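The values are calculated or read from the model by the stated rules, or taken from the named source; none is laboratory data. All values reported here derive from a predicted model rather than from experimental measurement. In this analysis, Cβ positions are derived from the backbone assuming ideal geometry, glycine residues included, and neighbour counts consider all displayed protein chains.
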Amino acid sequence: MRDLCRPDIRNASFNITEENLIDYVTRIEISKKVPKKVREMLDFTRRMLLYGYYNYDFYTQTAIYLFLMTESAIKERLYDELPEKCPMTKDGKTEMISKDYVIIFQHLREGWQIVGFEKLGHSLESMINALKAEQILPSRIDEPEIDILRQLRNSAIDLARAETYSPAVVIPIFWKIVDLINCLYDKGMHEDEPKALKQLREHYSMLSRAVEKIKKTKKA
């Protein structure tokens with residue numbers, strides 16, 4: 001039983017200590033404008049990440065939970081924007097649908113479109129594009145973030161074949177998700193991405209330049 005309270009040695013490969021893991025998961029603040037229910041889900045995600053210090057598998061579970069909570073938050077935010085009566089069309093047929101969460105998203109799954117929300121479909125990508133069209137999400141939330149959510153979705157669909165996520169992968173994903181959630185509810189967050197993400201982007205840009213330099217040297 002004592003082994004349950006010992007750090008998972010696999011963290012050492014990424015220089016993860018209890019102290020710097022706490023720093024990583026608290027580096028980006030959650031906006032006070034984010035609804036309490038969503039803030040609580042993000043706080044729960046932080047705790048899951050911290051548990052990874054003792055059991056490495058929690059990093060993978062955190063990644064899957066991040067997808068599920070992000071999908072939920074995006075749908076809830078979209079639902080808030082819909083009128084009480086939604087005109088929906090399919091194959092030339094139009095129906096007025098009373099605002100009901102289950103019915104609306106069931107219709108979207110069946111290929112119906114909401115008049116005035118033509119970019120909105122069943123996929124998470126279309127939902128993000130619809131939110132961008134309504135200026136609820138900034139344009140900087142784009143293909144990289146959508147691609148991350150696609151990967152996480154694949155892991156959530158097939159847990160048995162889900163890849164093992166490392167802290168080096170999950171922590172930046174967590175930062176991106178917190179940024180996306182902040183932007184959903186706080187327009188003051190639209191202009192500037194968090195400092196941690198800027199530093200991460202600069203780090204990867206530096207690595208990319210170094211790799212390109214090595215490639216050019218080898219060709220010469």
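Things to note:
- Residue count for segment 56-80, restricted to those that are over 30 Å from Ala133 (Cα atoms) and out of contact with any Ser or Thr (no Cβ under 9 Å at 6 or more places or on another chain): 2
- Tally, over segment 18-31, of residues that are of a type outside the set (Asp, Glu) and free of Cβ contacts under 8 Å to residues at least 12 places away in the same chain: 1
- Once segment 100-147 is narrowed to residues that are assigned to a loop (DSSP other than H, G, I, E, B) and among the aliphatic types (A, V, I, L, M), the residue that is farthest from the chain's Cα centre (by Cα) is Val115.
- Residues that are closer than 18 Å to Ile22 by Cβ and either part of a loop (DSSP other than H, G, I, E, B) or free of Cβ contacts under 8 Å to residues at least 60 places away in the same chain (or both), drawn from segment 158-172: Ser166, Pro172
- Where Asn15 falls short, out of the listed (1) free of Cβ contacts under 8 Å to residues at least 24 places away in the same chain; (2) surrounded by 15 or more Cβ atoms within 10 Å (Cβ to Cβ): (2)
Each row is one residue, and each column tells you yes or no for (1) without any contact (Cβ under 8 Å) to a residue 24 or more places away in the chain; (2) touching an Asp or Glu at 6+ places or on another chain (Cβ under 7 Å); (3) surrounded by fewer than 18 Cβ atoms within 10 Å (Cβ to Cβ); (4) of a type in the set (Val, Ile, Thr).
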| site | (1), (2), (3), (4) |
| --- | --- |
| Glu95 | yes, no, yes, no |
| Ile104 | no, no, no, yes |
| Glu110 | yes, no, yes, no |
| Phe117 | no, no, no, no |
| Gly121 | yes, no, no, no |
| Pro138 | no, no, no, no |
| Ile148 | no, no, no, yes |
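- For Tyr101, the conditions (1) of a type outside the set (A, V, I, L, M, F, W, C); (2) touching a Lys or Arg at 6+ places or on another chain (Cβ under 7 Å); (3) on the phi < 0 side of the Ramachandran plot all hold with the exception of (2).
- Tally of residues being of a type outside the set (A, V, I, L, M) and either surrounded by 18 or more Cβ atoms within 10 Å (Cβ to Cβ) or under 22 Å from Lys198 (Cα atoms) (or both) across segment 21-64: 17
- All positions within segment 1-44 that are among the hydroxyl-bearing types (Ser, Thr, Tyr) and within 16 Å of the chain's Cα centre (by Cα): Ser31
- Counting only residues that are more than 19 Å from His190 (Cα to Cα), among the charged types (D, E, K, R) and modelled with pLDDT of 90 or more, segment 104-145 holds 2 of them.
- Residue tally, condition crowded, with 21+ Cβ neighbours inside 10 Å and not aromatic (Phe, Trp, Tyr), over segment 65-76: 4
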